[in-house]
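One structure is given here, and the rest of the page talks about it.
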Amino acid sequence: MVRRGTGALDDAVGPGDLLNPDVTYDRPPGGGDAIFDLVGDLAGKRVLDIGCGHAPYRDRLEKKGAVWTGLDLTGPACSVIGDGDQLPFRDEAFDAVFCAAVLEHIPEPDSIMSEMKRVLNNKGRIFGYVSFLEPMHGMSYFHMSHLGIERLFFKHGFRPLTIFPARIGTAYQIECLLFPKSLPVLQPVVSALLQWSFAAAYWLNGAARSLYRSLSRRSPRADPADSGRDYRRLLALRFAVGFNFVAVRDDTARASRAGYRKLVK
């Protein structure tokens, strides 16, 4: 039997129950590009760009002072040809791993997570992006919610520091329906209009919720300001096209402070 949701974000649990108090979810100024600053100082650091493809981020990482190594299954841009399930590097060979739009394409994400941890030194960081509401593309296996990526991190000895939403997924889905092939000039304009329109819908959603709660005189579980803030954060997470993330290798990492954990005992 399929149980249909009500569409409300906090009918069964409060928004705060789905957010880890130790993780930053707010989208920073600069959006996805901010991930290169949030990861910390990369000067002189050995960075593995796993699933590097055509190496679109190599220049960005090297400008930050990183010593870049690109790995993929094939391709002229790679410095190393290899499989993420069996990385051809010694233990603790890197200071950071950059993993952009890779995890959703891995049939066995546990294997690659274990390998990334193995090649990272103590307190090394993993950063990048994972899909959530992107339409299926290529060999898509595991698009992940913020809860999914957090659980994967904790399971493999990583402590998530920040997980923030990329652009609005609903708008991007409509864009993909309208433009099966990239179309210069027109597509960027339509994309911007869609993003602005759905951003306005976000605002209206929050305003309508506040009005409803006032009229119905329902008291939120926590402080009203905090409840509204958590609701807006969860709204952005719920409809994100994907997530940018930074996590640190930490064998003592535990999820005990995350309220949503009580839902998955």
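Here, each number is a calculation from the coordinates, and none is a lab measurement. Treat the numbers as computed from the prediction; the structure is a model and nothing was measured. Reconstructed Cβ throughout: ideal geometry from the backbone, glycine too, with neighbour counts over all protein chains shown.
Taking loop as defined by DSSP and a crowding limit of 12 other beta carbons within 10 Å, which trypsin sites (Lys or Arg not before Pro) in the stretch 43-120 fit?
Of the trypsin sites (Lys or Arg not before Pro), the ones in loops of the stretch 43-120 whose Cβ has at most 12 other Cβ atoms within 10 Å are 90.
Is the stretch 92-250 rounded, prolate or oblate when judged by the Cα gyration tensor, a ≥ b ≥ c being the square roots of its eigenvalues, rounded requiring a/c under 1.5 and prolate requiring a/b larger than b/c?
Verdict is oblate for the stretch 92-250.
Once R0 is set to 22 Å, what does the formula 1/(1 + (r/R0)^6) return for the Cβ-Cβ distance between residue 137 and residue 186, expressed as a FRET efficiency to the nearest 0.05?
0.55
Report, in degrees rounded to the nearest 10, the 0 to 90 angle that the Cα long axis of helix 109-119 makes with the longest principal axis of the chain.
Computed tilt is about 50 degrees.
For the chain, modelled as a GNM with alpha-carbon contacts under 10 angstrom, which of 20, 244, 122 fluctuates the most?
Of 20, 244, 122, the Gaussian network model singles out 122 as fluctuating most.
Between residue 195 and residue 111, what is 0.36 nm times their sequence separation minus the Cα-Cα distance? Round to one decimal in nm.
Extra length available between residue 195 and residue 111 comes to 26.7 nm.
Using a cut-off of under 12 Å, list every residue of the stretch 82-112 whose amide N is near the label point 7 Å from the Cα of residue 73 along the Cα-to-beta-carbon line.
Only 82-85, 105-108 pass the distance filter.
For Cα Rg over 2.2 N^0.38 Å, the choices are [x] 1.07; [y] 1.21; [z] 0.92; which was calculated from the structure?
Matching the structure shown: [x].
Would you mind checking the tilt of helix 224-238 against the longest principal axis of the Cα atoms of the chain, expressed as 0 to 90 degrees and rounded to 10?
So the helix axis and the longest Cα principal axis differ by about 50 degrees.
Distance in nm between label sites at residue 122 and residue 90, each 7 Å beyond Cα in the beta-carbon direction?
1.7
Counting other beta carbons within 10 Å of each Cβ, put 156, 137 in order, fewest first.
137, 156
Which angle between 0 and 90 degrees, to the nearest 10, do you get for helix 169-178 versus the longest principal axis of the chain when only C-alpha atoms count?
Long axis of 169-178 versus the principal axis of the chain: about 80 degrees.
Hey, any idea what Rg/Rh is for the stretch 128-211, computing Rh the Kirkwood way over Cα pairs?
Using Cα coordinates only, the ratio equals 1.05.
Helix-only mean residue ellipticity at 222 nm, the chain, DSSP H runs n ≥ 4 weighted -39,500 (n - 2.57), per residue, nearest 500. What is it?
-10500 deg cm²/dmol
Could you check which residue among 208, 236, 171 shows the biggest mean-square fluctuation in a GNM of the chain with a 10 Å Cα cutoff?
Of 208, 236, 171, the most mobile in the Gaussian network model is 208.
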